[in-house]
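Notes follow once the structure below has been shown.
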Amino acid sequence: MTNLQIILTVLIIMVATMLTRFISFLVFPAGKEAPAFIQYLGKVLPAAAMAMLVVYCYKCVDITAGNHGAPAFLAGLAVVTFQKWKHNMLLSIGGGTALYLILLHWL
């Protein structure tokens, strides 16, 4: 790519990102209640996204080979435990990831 193409690509990405961030404030201004369907999506999408991530994380675990998926399942248990204990998403995800990497190298 030429320098001009790189600059244009970055500018297009920047504008597209800004539009996706700012359009919600234009469509749903402050003081005006969002439609019921949007409020419903705001309630159910976080749980649906987490469920998709769980399925994605465990889809390649082979319980019949090697360590039988022990690092993945123990790290998942740690994430749930940290979340129930401290209610801190950063601690839950970071602690679970760290534990997974440690167990992956030790088991």
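The table that follows gives values for the structure above.
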| quantity | calculated |
| --- | --- |
| Conditions (1) out of contact with any Phe, Trp or Tyr (no Cβ under 8 Å at 6 or more places or on another chain); (2) closer than 30 Å to L107 by Cβ; (3) open to solvent by less than 100 Å² (accessible area, probe 1.4 Å): number failed by A75 | (1) |
| Residues satisfying the stated conditions in the stretch 27-61, i.e. over 19 Å from the mean Cα position of the chain (by Cα) and closer than 15 Å to G76 by Cα | V61 |
| From A16, A51, A34, residue being open to solvent by less than 70 Å² (accessible area, probe 1.4 Å) and either closer than 30 Å to I102 by Cα or touching a residue at least 40 places away in the same chain (Cβ under 8 Å) (or both) | A51 |
| Lone unmet requirement of (1) open to solvent by less than 90 Å² (accessible area, probe 1.4 Å); (2) out of contact with any helix residue (DSSP H, G or I) (no Cβ under 9 Å at 6 or more places or on another chain); (3) part of a loop (DSSP other than H, G, I, E, B); (4) of a type in the set (A, V, I, L, M, F, W, C) for L8 | (3) |
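The values are calculated or read from the model by the stated rules, or taken from the named source; none is laboratory data. For clarity, every value in this text was computed on a predicted model and none was experimentally measured. Here Cβ is always computed from backbone atoms with ideal geometry, including for glycine, and neighbour counts include all displayed protein chains. Areas reflect the complete protein model, heavy atoms only, side chains present, ligands, DNA and RNA absent. Shrake-Rupley method; radii C 1.70, N 1.55, O 1.52, S 1.80 Å.
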